[in-house]
Each structure stands twice: as structure tokens, then as C-alpha cells.
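Novice: Structure incoming, see below.
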Amino acid sequence: MKERQAKGTRPHVAILSRKRSLYSTSRLVEAARALGLRPTVLDTLKCQMLLGPPRPRMLYRGAQLEALELALPRIGASITSYGLAVVSHLEVMGVPVANGAQAIARSRDKLRCLQLLDSHGLSIPRTVMAHRSTNVARLVEEVGGLPAIIKLLRGTQGVGVMIATTMEEVKSILGTFHGLGQDLLIQEFIAESKGKDVRALVVGDRVVGAMRRTAKRGEFRSNLHRGGEGKPVKVLPPEYAALAVRAAQTVGLAIAGVDLLEGKDGPKVMELNSSPGFEGLERATGKDIARAMVKHALTLRGSTGGLRPDV
Ligand SMILES: Nc1ncnc2c1ncn2[C@@H]1O[C@H](COP(=O)(O)OP(=O)(O)O)[C@@H](O)[C@H]1O
Ligand SMILES: [Mg+2]
């Protein structure tokens, strides 16, 4: 297939994203064009869903969307609810999606992900959750004592991840958030990872790029949004790659940014991101991550989407 092929014959691919100017979105558009496709960026919040005879349909800027071959969802955390509705609507319309709504929903809930990973025997940091701030000493003991990590269930970019070094801190953080109606996880602090983690980008059944992120001085969170620095990992140990791929498959994600901590007894999965930004990774590794994503998504045509619709 070539760029110059007539518009009508090029497969129409939708990229769901709030803005076409975002790095990852514009790179997916470029990659899709280079692969001879006809990409359209659809602002997720402008997609309108129609149900009822003759069949489920979607309106975009007043026009009915026709003949969509494929959709690549990039759903930001701030629009999870509407975004999930749009993705599942595309699924009922029979449009293959690179990541299905159910898998994206799971990935947005850190406890749900850890439950799935643990029940499938994947290595994770010890984690507890309780609705009230009672029995706190026992809970902290369960995760290996102090310091302990405390996390909101639904956070991204490091916001909502805290460290408590005394029991008083644990109690005051839990009390504050429970008082606001927020549930929290208490997690084993993997001290030996020393403010570093590995972000592995999984596409299908392989890791297409990985980087080691190092937190800035005085910070334990290595997120790039928190000032962390990313360096390419040239050869990811097979144990890390296999764990990242298994984690993505267990949650049902065909495309996932998997965050791994480097524990003394091997890698541990911390969380999965279903719409991973890849600007840092492309810049750090020089790899064409966008092309790998679009190419993999193309293999899903004729299927109903994600790898494992029902886990
Ligand atoms: N259990 C832990 N032990 C050590 N560091 C952690 C732990 N959990 C999180 N971190 C640090 O905090 C960062 C953010 O945590 P993460 O669970 O990935 O939340 P977010 O969704 O906000 O990125 C991680 O990249 C890591 O550097
Ligand atoms: Mg993270």
C-alpha cells in the first residue's frame, strides 16, 4: 500500500485523542500514513453514541462515522468514564480496538490490576487495602514495615503516591484521605530500586522499547512528570521482558506501558498504563514505537480487539 493510493481505498483508522498536537497522537498519525492508512484523530469527547435501530452508530461533528477499520484509543485519566463508553461503543459497532474498554478500565484501578497479577502468580510488591484506619500497625507489618508507600487507587504521573516513614505519618495520611472518602493502598517500599524503575512498552507479545527512569534528587518517584530522567535500556533482561508481557496479557492490554521495580529478588510489576505516552521512550531509544503500535493494531483487524476480552 502506498501513500498515493486513492483516499477511498486506504483503510480508515481512528485515533481517539483529545488533541492531534500531542506528541504521541501526532506520531501515530504519521506512522499510520507511512503504513498506507487513512488516519483520523477523533476527539473522544466529541464522539456521540447512538443506540437503537438499525444498529449502534457513532456521530462525529454531526456526520455518521462509516467504514472504520480500526481504532487506537488514547484515553487520558481525566476522561476515563466517557472515554470507556466511546471505546465500548466502537466495540459493539464491531470496530476492532487496540485496547478494549474492559482492559482499559482494569488498568485504571491499581488494586484491580494487582489482584489479577497476583492471582496469576506474577511478582508484585506486597500490598494491602482497608477501608478504615484501624489495625494500621498490622497492615504496615504485612508490607514489610516502614517506610511504606501509600497510593491512591487512581493516580497517574506520580500524583497520589506518597511515602511514610513513621507510623504517625501512615495514620495521618490514611485518616486524611479516608476522611475525604478516598481509598488507599499501602505497599511495600522497594528500597533497593533506589528511586529508579523500568518502563517497558509492550506491544502484542513483545517489549518494543524500555527505559530506566531515575528520580530527581530528594524524590523517590521516578515519573518523568516529576522530574525523573529516562535512559534507554539497550538489552532488557529476559526476565523483565517476560514479566512485562505477561502482565499486559493478564490485564488484557495489547498496548501497555508496564512499570517495573528492580527488587533484590527480581522484577516486580507496579502498574500498567493503557495509553502510555512514548515521547520520552522514542527520544531515549531512537525507536519508531508509533509504527510498532500501528502495525500491531493492524493485526487485530477481523477480531474484536484486545488480547483477552474476559479475564
Ligand atoms: N512500592 C514502591 N517502592 C518503591 N518505589 C515506588 C513504589 N511504588 C511506586 N514507586 C515510585 O513511585 C512512582 C509512581 O508510582 P506508580 O505506582 O507508577 O504511580 P503513577 O500511576 O502515579 O505513575 C514509580 O514510578 C516509582 O518510582
Ligand atoms: Mg507509573
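Every read-out reported here was derived from the displayed coordinates using simple, explicitly stated rules and does not represent laboratory data. What you see is a predicted model, and the numbers here were worked out from it, not measured in a lab. Neighbour counts run over all protein chains shown; Cβ positions are idealised from the backbone, glycine included.
Novice: In whole Hz, what ³J(HN,Hα) sequence does the stretch 282-287 give by Karplus (6.51, -1.76, 1.60; θ = phi - 60°), x for Gly and Pro?
Specialist: My calculation for the stretch 282-287 gives 5, 5, 6, 9, x, 8 Hz in order.
Novice: Which three extents, in angstrom, do the Cα atoms of the stretch 1-158 have along their principal axes, listed largest first?
Specialist: Largest first, the stretch 1-158 extends 66, 37, 29 Å along its Cα principal axes.
Novice: Assuming a ≥ b ≥ c are the square roots of the Cα gyration tensor eigenvalues, decide whether the chain counts as rounded (a/c under 1.5), prolate (otherwise, with a/b larger than b/c) or oblate.
Specialist: Details: a/c = 2.23, a/b = 1.64, b/c = 1.36.
Prolate, since a/c reaches 1.5 and a/b exceeds b/c.
Novice: Moving to a separate point now. If you place +1 on the Cβ of every Lys and Arg and -1 on the Cβ of every Asp and Glu, how big does the dipole about the Cα centre of the stretch 7-97 come out, in debye to the nearest 20?
Specialist: Numbers: 13 positive and 5 negative charges, 62 e Å.
The calculation lands at about 300 debye.
Novice: By count of other Cβ within 10 Å, fewest leading, how are 50, 42 ordered?
Specialist: Details: 50 12, 42 22.
Placing the least packed residue first, the sequence is 50, 42.
Novice: Could you list the square roots of 5 times each eigenvalue of the Cα gyration tensor of the stretch 159-311, that is, the equivalent ellipsoid semi-axes, sorted largest first and rounded to whole Å? Walk me through the numbers on the way to the answer.
Specialist: Numbers: eigenvalues 178, 76, 39 Å².
The answer is 30, 20, 14 Å, longest axis first.
Novice: Mind putting together the pair-distance distribution for the stretch 105-149? All Cα pairs, 5 Å bins, whole percent per bin, short to long.
Specialist: Computed distribution, short to long bins: 5, 19, 25, 22, 19, 9, 1.
Novice: Beyond 18 Å between alpha-carbons counts as too far, so tell me which of 196/268; 19/287; 19/46; 196/264; 151/216 fall in that bin.
Specialist: On the way: 196/268 12 Å; 19/287 23 Å; 19/46 11 Å; 196/264 13 Å; 151/216 20 Å.
Beyond 18 Å between Cα atoms: 19/287; 151/216.
Novice: Classify the stretch 7-97 as rounded, prolate or oblate from the Cα gyration tensor: take a ≥ b ≥ c as the square roots of its eigenvalues, call it rounded if a/c is under 1.5, otherwise prolate when a/b beats b/c and oblate if not. Could you put the intermediate results ahead of the total?
Specialist: On the way: a/c = 1.99, a/b = 1.19, b/c = 1.67.
Note, shape of the stretch 7-97 comes out oblate.
Novice: Amide H of residue 16 versus every other amide H placed in the peptide plane: which residues, excluding those fewer than 5 positions away on the same chain, fall under 5 Å?
Specialist: 42, 72, 74
Novice: Here's something else I'd like to know. Once you sort the root eigenvalues of the Cα gyration tensor of the stretch 127-189 as a ≥ b ≥ c, which label holds: rounded (a/c under 1.5), prolate (a/b larger than b/c) or oblate (the other case)? Mind dumping the intermediate values first?
Specialist: Working: a/c = 1.57, a/b = 1.19, b/c = 1.33.
Here the stretch 127-189 falls in the oblate category.
Novice: Which residues in the stretch 172-193 place their backbone N less than 20 Å from a point set 7 Å from the Cα of residue 132 along the Cα-to-Cβ direction?
Specialist: Within reach of a label on residue 132: 172-186.
Novice: May I pose another question? Hey, fewest Cβ within 10 Å first, where do 26, 81, 88, 172 land in order? Don't skip to the answer; put the middle values down first.
Specialist: Details: 26 16, 81 10, 88 19, 172 13.
Listing 26, 81, 88, 172 from fewest to most nearby Cβ atoms yields 81, 172, 26, 88.
Novice: Under 5 Å between amide hydrogens, which residues at least 5 positions from residue 189 or on another chain qualify, with H placed 1.01 Å from N in the peptide plane?
Specialist: Correct list: 149.
Novice: Of 29, 75, 90, which is farthest towards the positive pole of the stretch 7-97's charge dipole, taken about the Cα centre with +1 and -1 on the beta-carbons of Lys, Arg and Asp, Glu respectively?
Specialist: 29
Novice: When only DSSP loop residues count, what GluC sites (Glu not before Pro) in the stretch 1-83 have their Cβ near at most 15 other Cβ atoms within 10 Å? Intermediate values should be presented prior to the final figure.
Specialist: Values: sites: 3, 30, 66, 69; in loops: 3, 66.
Sparse-neighbourhood loop GluC sites (Glu not before Pro): 3, 66.
Novice: Rounded to the nearest 20 debye, what is the charge dipole size of the chain about its Cα centre when +1 sits on each Lys and Arg Cβ and -1 on each Asp and Glu Cβ?
Specialist: Details: 46 positive and 28 negative charges, 244 e Å.
Value, rounded to 20: 1180 debye.
Novice: Moving on. Please get the size of the charge dipole for the stretch 127-189, origin at its Cα centre, with Cβ charges of +1 on Lys and Arg and -1 on Asp and Glu, quoted in debye to the nearest 20.
Specialist: Numbers: 5 positive and 6 negative charges, 38 e Å.
For this selection, approximately 180 debye.
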